[in-house]
Each structure stands twice: as structure tokens, then as C-alpha cells.
Amino acid sequence: MLLFAAVVAAACGYAEGGLLARELGSWQTICWALVLALPATALLTAVSLDGQAPQASPVQWASFGYLAVVSMFLGFFAWYRGLALGPMAQVSQIQLTQPVMTLVWAALLLGETITPATVIGGAAVVACAATAVRVRLRTR
């Protein structure tokens, strides 16, 4: 039930974010979302630390910083810009291909093994996403 609630909350957040990006702009939307979420995230971070400071090597901190700033923060600029420009229902289907692209990049950059089952599963995900977009376009 918690996973279902999380999916519903994320879907509502993306839809509202896409609508806000049309009015405010993409970077303003994500920046305001972060400002509004700060009290809750700061509290949850403090609780999760449990009196211990996080420990990591400089490389791990650099990786964390890259993921926070480039992948998440700046990535959302492009994501919300795309949602604002196109029909949200079709544009949002692109995100369904993200797990497949993650597997491809993991294989290319990290040498991860891609099995035949992974290829079949990834092809099924991409086919379903493409079908969803085409069905929605036809119904218009």
C-alpha cells in the first residue's frame, strides 16, 4: 500500500510540476519544490543521522555531489521543460525508458553483464511505452 501511495504521489507531483512549469518555467518549478520540501527533508535527514555524522571518502562525496547537482537538480530543469512544452501524457511516457537506459549505460560504462532476459524485458518496456504514446495520439 505504501508503494502504491508513493506511485500515486509521484504521478500527481509530476503532473502538477508540468503544469507549474508552463506558468513559472522549468528551473523555477524545481527550485520552489526544493524550497517547500526543505523543512520535511531537513527533519528526516536529522532523524536518520541518529547522532552520527555521515562518513565517506572524497571520491564518494564528489559522486554524491554530482548526483545531487547534475543528475537530480539540473536534470529536472530539462524534464520539466519537456513536460511544459509537449503534451504531458506523451512526454511523460519517455520516463518509462529510463530503467532501460540505465542498464545500457551500466553495461557501457561499468562493464555490467546484460543477459537475454534483460534484453527481452527492456524491449518489452520500450514497446509498451511506445504503444502507450501511439494509442494516446490516435485517440486525439
- Per-residue HN-Hα couplings for the range 72-77 [Karplus 6.51, -1.76, 1.60; θ = phi - 60°; Hz; x = Gly/Pro]: 8, 5, 5, x, 5, 4
- Note on the structure: Taking N as the number of residues in the range 23-100, the ratio of its alpha carbon radius of gyration to 2.2 N^0.38 Å works out to 1.39
- Message: Neighbour counts of other C-beta atoms within 10 Å: give me Tyr66, Tyr14 arranged from fewest to most.
- Response: Tyr66, Tyr14
- Averaged over every viewing direction, what's the projected area of the C-alpha convex hull for the chain? Give it in nm², one decimal, please. 11.7
- Query: Gaussian network model of the chain, Cα springs within a sub-10 Å range: biggest mean-square fluctuation belongs to which of Gln60, Gln52, Gln28?
  - Reply: Gln52
- What are the ³J(HN,Hα) values, in whole Hz, obtained from phi via the Karplus relation 6.51 cos²θ - 1.76 cosθ + 1.60 with θ = phi - 60°, for each residue of the range 93-108 in sequence order, with x given for Gly and Pro? 5, 4, 5, 5, 7, 4, x, 5, 5, 4, 5, 5, 5, 5, 5, 6
- Message: Please rank Ile94, Ile120, Ile30, fewest neighbouring Cβ atoms within 10 Å first, as an exposure proxy.
- Response: Ile120, Ile94, Ile30
- Task: Using only the Cα atoms, work out Rg/Rh for the range 87-140, with Rh taken as the Kirkwood radius, to two decimals.
- Result: 1.10
- Net dipole in debye of the chain [+1 Lys, Arg Cβ; -1 Asp, Glu Cβ; about Cα centre; nearest 20]: 620
- Message: Mean-square fluctuation check for the chain, GNM, Cα pairs under 10 Å: which of Leu34, Leu20, Leu83 is largest?
- Response: Leu34
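Readers should treat all values here as calculations from the given coordinates under stated rules, not as data from a laboratory. The shown structure was predicted, so the numbers you read here are calculated from the model rather than taken from an experiment. Every residue, glycine as well, gets a Cβ built from its backbone with ideal geometry; the counts of neighbours run over all protein chains shown.
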